[in-house]
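Quick note: the coordinates plus some simple rules give every number you see, no bench work behind them. Because the structure is a prediction, the values reported are computed rather than measured. No Cβ is skipped: glycine too gets one built from the backbone with ideal geometry, and neighbour counts run over all protein chains shown.
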Amino acid sequence: MTVRVLIVDDSATMRSLIAATLRQDPEIEVLGFANDPLEAREAIKRLNPDVITLDVEMPHMSGLDFLEKIMRLRPMPVVMVSTLTQAGADATLSAMELGAVDCVGKPGAGNTASEAFADLADKVKAAARARVRPFAGPVVRAEENRSYRAEDIIVAIGSSTGGVEALMTILSGFPATCPPTVITQHMPATFTKSFAERLDRISGAKVAEAWDGARLAPGHVYLAPGGIAHLEVTGTTHPTCRLRQDEAVNGHRPSVDVLFESVARLNRPALGVILTGMGRDGAQGLLSLRQAGGRTLGQDEASCVVYGMPRAAHEIGAVEKQSPLARMSAAILGLCAATEPQRSA
C-alpha cells in the first residue's frame, strides 16, 4: 500500500527537505505541498491525503489551531515537524494532546536533515496505520483514590507512538500514594522535560524527568530523558535510577527493553506495562520480567493508536492480561494492590 502525503510548511527549504526524505521510500508518495493552513485546507479537500506532515509556526493560522480544526471536523493522521526548542517542544506536545500521531524534530545546528529525518518515513507509514479519533477535550486529573496504598512494588511502563495520550490518560488516574513508577517513552531529547511537567500537572503523583542516582519513592514517577541515555533501575534494597549512555537498542535510546530487563533483574515485586507504539521494543524485556515473576499488562488493540509493541509482546507470551486504555490506571493499581511484597533471602 502506498502512503499518500501532503506536506504543510511555510518554509520552501523545509518542504523540499521533507519531500526529498519521503521520496526515498518507495512506499510513500508526496502528493503536494501547502504553504499555510488556508492552502492546506483546500489541498486536503482536493487530494485526500493519507497523512499530513504539519509545521507548528505558520502564517494566517498556527499549526495548533489548524490541527484542532482537523481533529474536530475531519480526523486524519498528522505527523508534526517541529523545531527542537523549548517553545517547539511545548507546542508539539500540545499538538499530540490534540491528536497528532507523532512528531519529528527539524534539523538544527547540531544535526543534518538526514539525521533529523532518519525515522520520518517510518513515522509517516505508522501514522497511516494509526487509529485516529476526534479530539475529545483535554485530559483532566481524576479523583484521588485515597484508599489505595503503595506496597513495595515497582511499576515500569514503556510506550512509543500514541504514548503521549496514553500516558496522560493513565497518570491522570494515579494517586499521590502510587507505587514508584519508571517510564520510557520514545521521544526527542528536548521534549521529555516539558512532557514530565505536563504529566505532573494532571497527576496526583510527582512526575519528573529521571536523573542518574534518583532513589525511587512511592508517589513519584520518573520519565526517561529522550534521546540521551537508557533508563535502568538498579539496587534491591534502595532501587535507584541509572542513566546509561550506551548505543541504541532496537533503534531507540532510551529503549523500553533496557528498562524492563533492568527491573526483571531486581528480584523484587514488579509490574511491567507495554503501551501503544510501532515496532517490537519492550516485548522481550517484558517477557523477561514476567519470567522473573513480575506481573504484566498490555494495552489492547482497540485502544492503541498503533498496536505494534503490545502485539509483539502478546505474541511471545509476555502479556499476562490486556486492558483498554480507559481502564489501564485501575488495572495497574489493582494488580499492585493484589501483589504480595516479597524479599529475596
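Under 5 Å between amide hydrogens, built in the peptide plane, is the criterion, and for Val273 it picks out Ala156, Ile157, Gly158, Leu297 among residues at least 5 positions away or on other chains. Could you please report the charge total around Tyr307, scoring K, R as +1 and D, E as -1 over all other residues with beta-carbon less than 13 angstrom from its beta-carbon? Around Tyr307, the surrounding residues sum to +1. Every helix of 4 or more DSSP H residues in the chain counts as -39500 (n - 2.57), and over all residues that averages to -10000 deg cm²/dmol at 222 nm.
Farthest towards the positive end of the charge dipole of the stretch 154-338, among the residues Thr169, Val221, Gln322, is the Cα of Val221, using unit charges on the Cβ of Lys, Arg, Asp and Glu.
Backbone phi angles across the stretch 231-236, fed through the Karplus curve with coefficients 6.51, -1.76 and 1.60 (θ = phi - 60°), yield HN-Hα couplings of 9, 10, 10, 10, x, 8 Hz in residue order; Gly and Pro are listed as x.
Across the stretch 50-62, rounded Karplus estimates of 3J(HN,Hα) from the backbone phi angles (6.51 cos²θ - 1.76 cosθ + 1.60, θ = phi - 60°) give 7, 9, 10, 9, 10, 6, 8, 9, 9, x, 6, 7, 5 Hz, Gly and Pro being marked x.
Gain on full extension, evaluated as 0.36 nm per residue between Arg327 and Ala302 minus their Cα-Cα distance, stands at 7.7 nm. Each Lys and Arg contributes +1 and each Asp and Glu -1, all at the Cβ; summed about the Cα centre of the stretch 2-143, the dipole is approximately 500 debye. What net charge is computed for the residues neighbouring Ala128, neighbours being all others with C-beta under 14 Å from the C-beta of Ala128, Lys and Arg scored +1, Asp and Glu -1? Local net charge: -1. Using equal-weight Cα scatterers in the Debye expression, the normalised intensity of the chain in log10 at q = 0.07, 0.09, 0.10 Å⁻¹ is -0.28, -0.46, -0.57. Extending 7 Å from Cα along the Cβ direction at Asp119 and again at Ala189 yields two label points whose distance is 1.5 nm.
State the Kirkwood hydrodynamic radius of the stretch 3-129 in Å, one decimal place, computed from all pairs of distinct Cα atoms. Roughly 14.2 Å, rounded to one decimal. Scoring 5-11, 278-284 by mean Cβ neighbours within 10 Å over their residues and listing the highest first yields 278-284, 5-11.
Applying 1/(1 + (r/R0)^6) with R0 = 25 Å to the Cβ-Cβ distance of Arg133 and Ala217 gives a FRET efficiency near 0.10. In terms of its C-alpha gyration tensor, the stretch 154-338 comes out rounded, because the ratio a/c of the largest to the smallest axis stays below 1.5. Each residue of the stretch 280-285 was assigned a 3J(HN,Hα) from its phi angle through the Karplus expression (A = 6.51, B = -1.76, C = 1.60, θ = phi - 60°), giving 10, 4, x, 5, 5, x Hz with x at Gly and Pro.
Residues whose amide H comes within less than 5 Å of that of Glu29, counting only those at least five positions distant or on another chain, are Val3, Arg4, Val5 (H built at 1.01 Å from N in the peptide plane). Within the stretch 6-84, the GluC sites (Glu not before Pro) that combine a DSSP coil assignment with at most 14 other C-beta atoms in a 10 angstrom radius are Glu27. Please tell me the relative contact order of the chain in percent, rounded to the nearest whole number, where contacts are Cα pairs under 8 Å and at least six residues apart. Value for the chain: 13 percent. Close amide H pairs (under 5 Å, H built 1.01 Å from N) link Asp300 with Ser323, Leu325, residues at least 5 positions away or on another chain. Seen through its C-alpha gyration tensor, with square-root eigenvalues sorted a ≥ b ≥ c, the stretch 233-345 comes out oblate because a/c lies at 1.5 or above while a/b is not bigger than b/c. Per-peptide packing, taken as the mean over residues of other Cβ atoms within 10 Å, places 233-240, 215-222, 173-180 in the sequence 173-180, 215-222, 233-240 from highest down. Beta-bridge orientation, the chain: approximately 15 percent antiparallel, per DSSP, counting only bridges with both partners inside. Roughly how tilted is helix 63-73, in degrees to the nearest 10 and between 0 and 90, from the longest Cα axis of the chain? Helix 63-73 and the main axis of the chain meet at about 80 degrees.
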